[in-house]
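Notes to accompany the following structure.
The values are calculated or read from the model by the stated rules, or taken from the named source; none is laboratory data. Note that the coordinates shown come from a computational prediction; the quantities given were computed from them, not determined experimentally. Backbone-built Cβ (ideal geometry, glycine too); neighbour counts: all protein chains shown. Remember, those area values only see protein heavy atoms, side chains included, never the ligands or the DNA or RNA. Shrake-Rupley method; radii C 1.70, N 1.55, O 1.52, S 1.80 Å.
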Amino acid sequence: MGFWWRPLITLSVITLIALVLWAGGGEALAFQFAAAALLAYLLRQLWQEGRLARWLEQGGDKPAPSDIGVWGDIFYRLEKLQKRQSQSQSELATALGRFQHAAEAVPDGIVILNEQDRIEWCNPASRQLLGLDAERDRGQFIHYLMRQSDFVDFLEARDFSQQLTINSPAHRDIKLLLQLVPFGAEQKLLMVRDITELERVDAMRRDFVANVSHELRTPLTVVGGFVETLNDLDKPTDADLKHYFGIMLNHTRRMQRLLDDLLTLSRLESSPNTVAEEQVHMPELMRELVREAESLSRGRHVVRLAIDSNDWLSGSLQELQSAFSNLVSNAVRYTPEGGEIALRWAVLNGQPVFSVVDTGEGIPSEHLPRLTERFYRIDRSRSRETGGTGLGLAIVKHILTRHRARLDIQSTPGKGSTFSAIFPPERLIPAQGEEQQPRLSLVK
Ligand code: ADP
């Protein structure tokens, strides 16, 4: 029940007493009593109103004045209302703070635009991606700050299904994907995503497919051409057949090598990040690599072996052998006849190092940073003539990265190159027993 009945009871009681006084003592006494009682009642009301006004002036933070009767009820209910309101206010502030923290942590840029495309709010990522400043640019028309015509058209089109790719106005080399999302009444959210990496990967994928197609097209055309020629010849001589089959075999092998390398790369990419931790007997592997170098060189180079440590290496034997063989094969292929190729296994500053030193043609320094990219070659025809696929160093780098090792290339054009695979110290397996003494052996 409400509290409206309480003043009614007070007034009824005053009236009743006044009527009794009238009956007993005459009307003057009744009026005097009624006037005094009503004045007292009025004064009490004014006093309570004053208390209420003072409490409200203080912001309602302190406990409400206590009382009995109607005013007690009013104070109690107001205090309860006040408490409920400040609680929901603090809940709202917490939720807002949480939302702001979340929006600030989002790596994508978020800009709130009003119906006139003025900036209402933006998160820190939009500062980095669009060069906006939440404080400085609040209230500014966004197209005054981002004047690219593509963007202005995109904004005016108001087509929420469209996306726009532009270069960041803050950093030209950052590519951005923009999308408008309707929000609230007439407002819009401008969502900004950095797609530089995605674009780079996509361009790499396109280049890769184009390169592979290009690499396969030449040998396929050659083989196809000779098959047609043979088909057209009435009576090919033995010499013709030998000649044509020889060329076709060469090109078929080239395709085979390319497919082998592509499969190796794909296997490396799809295998888990951890490598097999085998104990690789490096001195033995070095001797095998020397035999490989000699067989590839066919006596055209001097091959030397330097085993400066008898320690072993922890890693995948198959992968390490493939990486080292690639380096050896490159040294043989890019070193002119009469040159020297040295294979070395050593521990330098605690780090296991495998290196191949050649006295070949060397590499101009501007090519060094790109040498491990797929299909990157300095001299395309030289690489093809010697049976290269353009994937060797990409495979080497992949394998070394899997072993947390790095490839170091030192080269002087006209003098030669040194390719070193430098492994982390924890991959070193110290030699046991009689093998502890390092030996240096020279082959040839
Ligand atoms: P390729 O199959 O063409 O040899 P790689 O990825 O193994 O491909 O090597 C990339 C390029 O690096 C080669 O085309 C060549 O130009 C250069 N290169 C690699 N090793 C050497 C080396 N030892 N001396 C000179 N140039 C080299």
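Among all residue pairs at least 6 apart or on different chains, which show Cβ distances below 9 Å where the first residue, located in the range 365-376, is modelled with pLDDT of 95 or more and aliphatic (A, V, I, L, M) and the second is near the ligand (Cβ under 8 Å from one of its atoms) and part of a helix (DSSP H, G or I)?
Hits for this filter: 371/393.
Consider residue 168 against the criteria (1) free of Cβ contacts under 8 Å to residues at least 24 places away in the same chain; (2) open to solvent by less than 70 Å² (accessible area, probe 1.4 Å); (3) not hydrophobic (A, V, I, L, M, F, W, C): it satisfies all of them except one. Which criterion is unmet?
(1)
With respect to residue 21, determine if the residue is without any contact (Cβ under 8 Å) to a residue 24 or more places away in the chain and open to solvent by less than 80 Å² (accessible area, probe 1.4 Å). Show your work before the answer.
Values: without any contact (Cβ under 8 Å) to a residue 24 or more places away in the chain: yes; open to solvent by less than 80 Å² (accessible area, probe 1.4 Å): yes.
Yes.
Taking the range 350-370 as the search range and keeping residues that are more than 16 Å from residue 415 (Cβ to Cβ) and either of a type outside the set (A, V, I, L, M, F, W, C) or crowded, with 19+ Cβ neighbours inside 10 Å (or both), which one is farthest from the ligand (Cβ to nearest atom)? Spell out the reasoning first.
Taking the range 350-370 and keeping what is more than 16 Å from residue 415 (Cβ to Cβ), we get 350-354, 366, 369-370.
This time we only want the ones that are either of a type outside the set (A, V, I, L, M, F, W, C) or crowded, with 19+ Cβ neighbours inside 10 Å (or both), so: 350-352, 354, 366, 369-370.
Working: 350: 27, 351: 22, 352: 21, 354: 14, 366: 12, 369: 12, 370: 9 Å.
Here the answer is 350.
Quick one: what pairs do we get from the range 385-397, first residue under 18 Å from residue 214 (Cβ atoms), second near the ligand (Cβ under 6 Å from one of its atoms) and hydrophobic (A, V, I, L, M, F, W, C), C-beta under 6 Å, 6+ apart or different chains?
Every condition considered, no pair remains.
With 338, 299, 315 as the choices, which residue is within 16 Å of the ligand (Cβ to nearest atom) and either in the same structural domain as residue 416 (by TED's automatic domain parsing) or buried (at least 18 other Cβ atoms within 10 Å of the Cβ) (or both)?
Working: 299 fails: within 16 Å of the ligand (Cβ to nearest atom); 315 fails: within 16 Å of the ligand (Cβ to nearest atom).
Matching residue, one of 338, 299, 315: 338.
For residue 344, work out the one condition from (1) part of a strand (DSSP E or B); (2) without any contact (Cβ under 8 Å) to a residue 60 or more places away in the chain; (3) within 13 Å of the ligand (Cβ to nearest atom) it doesn't fulfil.
Among (1) part of a strand (DSSP E or B); (2) without any contact (Cβ under 8 Å) to a residue 60 or more places away in the chain; (3) within 13 Å of the ligand (Cβ to nearest atom), residue 344 violates only (3).
Given the conditions (1) under 30 Å from residue 158 (Cβ atoms); (2) open to solvent by less than 80 Å² (accessible area, probe 1.4 Å); (3) without any contact (Cβ under 8 Å) to a residue 24 or more places away in the chain; (4) under 23 Å from the mean Cα position of the chain (by Cα), and given that residue 184 satisfies all but one, which numbered condition is not satisfied?
Of the numbered conditions (1) under 30 Å from residue 158 (Cβ atoms); (2) open to solvent by less than 80 Å² (accessible area, probe 1.4 Å); (3) without any contact (Cβ under 8 Å) to a residue 24 or more places away in the chain; (4) under 23 Å from the mean Cα position of the chain (by Cα), the odd one out for residue 184 is (4).
Here are some conditions: (1) more than 8 Å from the ligand (Cβ to nearest atom); (2) not in a strand (DSSP E or B). Residue 378 meets all but one. Which one does it not meet?
Exception for residue 378: condition (1).
Any chance the range 103-110 includes a residue that's touching a residue at least 24 places away in the same chain (Cβ under 8 Å), within 30 Å of residue 184 (Cα to Cα) and either open to solvent by 40 Å² or more (accessible area, probe 1.4 Å) or out of contact with any helix residue (DSSP H, G or I) (no Cβ under 9 Å at 6 or more places or on another chain) (or both)?
Let us first name the residues in the range 103-110 that are touching a residue at least 24 places away in the same chain (Cβ under 8 Å), namely 107-110.
From what is left, the residues that are within 30 Å of residue 184 (Cα to Cα) are 107-110.
Of the ones still in play, those that are also either open to solvent by 40 Å² or more (accessible area, probe 1.4 Å) or out of contact with any helix residue (DSSP H, G or I) (no Cβ under 9 Å at 6 or more places or on another chain) (or both) are 107.
Within the range 103-110 (the criterion being touching a residue at least 24 places away in the same chain (Cβ under 8 Å), within 30 Å of residue 184 (Cα to Cα) and either open to solvent by 40 Å² or more (accessible area, probe 1.4 Å) or out of contact with any helix residue (DSSP H, G or I) (no Cβ under 9 Å at 6 or more places or on another chain) (or both)), the answer is yes, since at least one residue qualifies.
Can you name every residue in the range 318-335 that is within 16 Å of the ligand (Cβ to nearest atom), open to solvent by less than 10 Å² (accessible area, probe 1.4 Å) and in a helix (DSSP H, G or I)?
323, 324, 327, 328, 331, 332, listed by residue number.
Looking at 252, 274, 196, which one is out of contact with any Gly (no Cβ under 9 Å at 6 or more places or on another chain), hydroxyl-bearing (Ser, Thr, Tyr) and under 30 Å from residue 427 (Cα atoms)?
Working: 252 fails: under 30 Å from residue 427 (Cα atoms); 196 fails: under 30 Å from residue 427 (Cα atoms).
None of the others qualify; the one that does is 274.
With the requirement that a residue be part of a helix (DSSP H, G or I), within 14 Å of residue 269 (Cα to Cα) and more than 8 Å from the ligand (Cβ to nearest atom), what does the range 382-419 give you? Working first, answer last.
Taking the range 382-419 as the starting set, the residues that turn out to be part of a helix (DSSP H, G or I) are 382-385, 392-402.
Now narrow it down to the ones that are within 14 Å of residue 269 (Cα to Cα): 394-402.
Correct list: 397, 398, 399, 400, 401, 402.
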